Amino acid sequence: MFRWEPISLTALRLKMQPGLAPPEAAVLYAGRLLILQRRVYVGHTPINYGRKTSVTNGMSESGNFLGRIVVGQSLETVLSLTNLTPSWYRSNMEPFVTAAREAPFFFAWRPGSYPREVGYAWLNNDPQPVNQRPNGMMGVELKMSGVV
């Protein structure tokens with residue numbers, strides 16, 4: 001994931017230089033970046049570690065394990081955002097949620113510390129903000145699946 005100051009462009013070119021391993025890119029998007037109002041704290045599973053595997057186990061008639069077949073694999077995570085100010089949610093998060101209902105997005109939970117833990121993700125739910133405190137602070141939960 002690359003970040004730069006917002007600018008208006010008519011075109012964007014990506015030039016990949018071969019190194020020790022051949023360069024590869026699966027998806028390329030350029031667009032606005034949503035920086036969260038609060039940090040992502042403990043309890044969050046980075047998307048590249050949120051493995052979900054569907055398997056079929058083979059057993060013999062006597063009960064011996066014969067092996068397993070992996071039927072499907074995916075990556076999932078849940079991002080719980082809390083203590084968001086109502087004005088920030090309405091002006092920043094709501095446009096993102098509206099766009100993410102139909103389009104995938106990139107998700108990096110700590111791009112400065114873990115720049116390679118970026119997922120190409122999509123929402124599995126319709127996020128619904130809730131009031132958390134008497135002062136109007138809001139929370140929302142984003143359930144997502146994706147690829148790394």
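The numbers here are math on the coordinates, done by the rules we state, and not lab data. Here the structure is a predicted model, which means the values were calculated and not measured. Methodologically, a virtual Cβ is constructed for each residue, glycine included, from the backbone with ideal geometry; neighbour enumeration extends over all protein chains shown.
Scanning segment 107-133 for residues that are small (G, A, S) and part of a loop (DSSP other than H, G, I, E, B) turns up G112, S113.
Under the condition of being in contact with a strand residue (DSSP E or B) (Cβ under 8 Å, 6 or more places away or on another chain) and of a type in the set (D, E, K, R), which residue from segment 61-87 is surrounded by the fewest Cβ atoms within 10 Å (Cβ to Cβ)? Give the derivation first.
Taking segment 61-87 first, the residues in contact with a strand residue (DSSP E or B) (Cβ under 8 Å, 6 or more places away or on another chain) are 65-86.
Those left that are additionally of a type in the set (D, E, K, R): 68, 76.
On the way: R68: 11, E76: 16.
The selected residue is R68.
Taken over segment 31-60, the criterion of being closer than 19 Å to E117 by Cα, aliphatic (A, V, I, L, M) and either surrounded by 10 or more Cβ atoms within 10 Å (Cβ to Cβ) or touching a Phe, Trp or Tyr at 6+ places or on another chain (Cβ under 9 Å) (or both) is satisfied by L33, L34, L36, V40, I47.
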